[in-house]
Each structure stands twice: as structure tokens, then as C-alpha cells.
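Participant: There's a structure below that I have some questions on.
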Amino acid sequence: MSSDRTPAHTDHDRSSPAHTDRRRPSAAVSRRGLVRMGTALGAMGLLAAPTPASATATPTSASASASAAGDGPAGDPASRKPILVGANPGLQLFDGSGACTAFLSTWQVEWSTHGAGNALVLWRPDGVRVVGEDPHLALWLADHFVRHFPELDGLPWSAPRFHRSAVQVRLDLASGLRAWGGGVDVRMAEVLDRRAFATDGFPLAGVDHSLSLVFAPCGRARARVDGRVQPGEISRGGTPERPSSSAFLATAEVWRA
């Protein structure tokens, strides 16, 4: 990690070959990193994405966030309890200048403190769309998790617009992802690598959470919104041994707080 203060983590399975194309010149920032601790997971081969210019989100108090997260004091990793188990692939697209044109967070929740089910959270400069059958679950995913992911650091977050619709998710670590519902359709293919990651220091609204997952960057991705191809391209980087991409699968994912 590119940080002087690196929390304990694991990162394995580096056997897949890389398929390198264009790389963006800016530093890497990842949802799967620790922004408050100066960590950029692109540097350790997880996700490549331009660094936003500034942050606009206002963290809530640690006590309030810990209460919203679930059980156990956030300061003691050993006492944290699961709040979500499932999968959460992500896709971030950029224009030619490196500006984010869209971030799409796909959720396949097997269990959580707010229920189970699938959801899509789409951020674009014109607003946030949340798609799912259960607004209690889908809006919690958007507000507790997605709005605090580093991909959106420095980008405006507006009140999500909820679209009630079934969301279908087909995720395969061998071939990629297709997820669709509520006018949003996302596809990822060409899985470049598969590796494990875990940390006890992932901040959401200023409160550290524990996170473990299996991560798989993808070489190709596309999103359609209301029948139109979403403008922008993925960002790829890393090394041949540790490729990175702003299109990635994340499964076997467990959040604890």
C-alpha cells in the first residue's frame, strides 16, 4: 500500500495474466481502500481511478454511525459483528479528461441487518438512482455504503431517487457480470485476476468497518441507462502480475461493524 499507516490486510492469488490498454495519468483511488489513511489500492493492484480534486461529504459522528451500522463498538475489530454478507461489483466510467461520468454499484445481498435482495445504485452528475424491490434495503445500501465510497469522494451526492423494480444479478468469477433492472443494465467481462482482500480499517462516515472479499478486476465493461449506452470508459492500470480496473467484481463480501 502507498501509505505510512497501513492496516492489517491480506491480498492473495496473483496468478492471472494482465491485459493492458490505456492508463490514466492520475493517482489511483478505490472504494476498496482507506482514503482517510492515504491508501490507494490502485498502488497495490486493486482499482485504478482518477483522484477527485476535493471532498464534499460531511461525516456523521462516530457514535451515530456505529449505531446505524449495527452491533459492537467500531473501535474494537474483534467485537464487530456482520452487518452485510453478499457481493458488490462496481463500475466507474470516465471521460477523456478523467472526469467521472458514472459510478454503478451492484448489490447481491444474501443477508444484512436491513434484509436480503438485489439492488443497483447509479451515480451520475445529474443525480442518484436506486433500483430495487425493497426501499428499506436499497436506500440503506446507498446511504450507508455507496455515498461514502472513495470513488465518489469530491463528487456531489443528491437525495437518491428510488425506482421500485426487480433487479437480476448474474455474477461469475470465471466470466464476469450481468445485472439489470429499472432501466439500468451493466455488463462486465474478461476477468483479469482474482485475489482476496481484508482490512479492519475501511471508513464509512468516519467510522472504521471491517471488510473482507474476493476481488476480480475486469478488462471490459458497459452500462446502459434507459436504453442508451452510458458515456465513458473504464480505467485500467496496475502491473502484469497485479492488473487493476475501475470495473471489478467483488464477492464473498462481509462487512462488520
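The values are calculated or read from the model by the stated rules, or taken from the named source; none is laboratory data. What you are looking at is a predicted structure, and each value in this text was computed from that prediction instead of being measured. Don't worry about glycine lacking a Cβ; one is built from the backbone with ideal geometry, like all the others, and counts go over all protein chains shown. Note: accessible area is taken over every heavy atom of the protein model, side chains too, but ligands, DNA and RNA are not part of it. Shrake-Rupley method; radii C 1.70, N 1.55, O 1.52, S 1.80 Å.
Participant: Do we have any residue at all in region 124-147 that's under 18 Å from the mean Cα position of the chain (by Cα), modelled with pLDDT of 95 or more, over 19 Å from Ala159 (Cβ atoms) and among the aliphatic types (A, V, I, L, M)?
Facilitator: no
Participant: For region 210-228, enumerate the residues that are assigned to a strand (DSSP E or B) and more than 14 Å from the chain's Cα centre (by Cα).
Facilitator: Matches in region 210-228: Ser210, Gly219, Arg220, Ala221, Arg222, Ala223, Arg224, Val225, Arg228.
Participant: Restricting attention to region 148-168, and to residues there that are surrounded by 14 or more Cβ atoms within 10 Å (Cβ to Cβ) and of a type in the set (Gly, Ala, Ser), which single residue is farthest from the chain's Cα centre (by Cα)?
Facilitator: The qualifying residue farthest from the chain's Cα centre (by Cα) is Ser165.
Participant: Take region 169-179 and flag every residue that is over 18 Å from the mean Cα position of the chain (by Cα) and either surrounded by 12 or more Cβ atoms within 10 Å (Cβ to Cβ) or basic (Lys, Arg) (or both).
Facilitator: Ser175
Participant: Quick check on region 230-240. Is at least one of its residues in a strand (DSSP E or B), open to solvent by less than 60 Å² (accessible area, probe 1.4 Å) and polar (S, T, N, Q)?
Facilitator: Within region 230-240 (the criterion being in a strand (DSSP E or B), open to solvent by less than 60 Å² (accessible area, probe 1.4 Å) and polar (S, T, N, Q)), the answer is no, since none of the residues qualifies.
Participant: Scan region 133-178 for residues that are part of a strand (DSSP E or B), on the phi < 0 side of the Ramachandran plot and not polar (S, T, N, Q) and jot them down.
Facilitator: Arg161, Phe162, His163, Arg164, Val169, Arg170, Leu171, Asp172, Leu177, Arg178 - these are the residues of region 133-178 that are part of a strand (DSSP E or B), on the phi < 0 side of the Ramachandran plot and not polar (S, T, N, Q).
Participant: Taking Gly232 as the residue in question, decide whether it is within 29 Å of Pro82 (Cα to Cα) and either of a type in the set (Gly, Ala, Ser) or over 17 Å from the mean Cα position of the chain (by Cα) (or both).
Facilitator: Spelling it out, it is not the case that Gly232 is within 29 Å of Pro82 (Cα to Cα) and either of a type in the set (Gly, Ala, Ser) or over 17 Å from the mean Cα position of the chain (by Cα) (or both).
Participant: Would you confirm, using the coordinates I've provided, whether Asp200 is modelled with pLDDT of 95 or more, open to solvent by 50 Å² or more (accessible area, probe 1.4 Å) and not in a strand (DSSP E or B)?
Facilitator: no
Participant: Give region 84-107 a look and list any residue that's of a type outside the set (A, V, I, L, M, F, W, C), crowded, with 21+ Cβ neighbours inside 10 Å and in a strand (DSSP E or B), or say none.
Facilitator: Across region 84-107, the qualifying residues are Gly86, Gly90, Gln92, Ser105, Thr106.
Participant: Also, I was wondering about something else. Can you pull out the residues in region 167-192 that are of a type in the set (Asp, Glu) and over 16 Å from Asp226 (Cα atoms)?
Facilitator: Those that are of a type in the set (Asp, Glu) and over 16 Å from Asp226 (Cα atoms): Asp172, Glu190.
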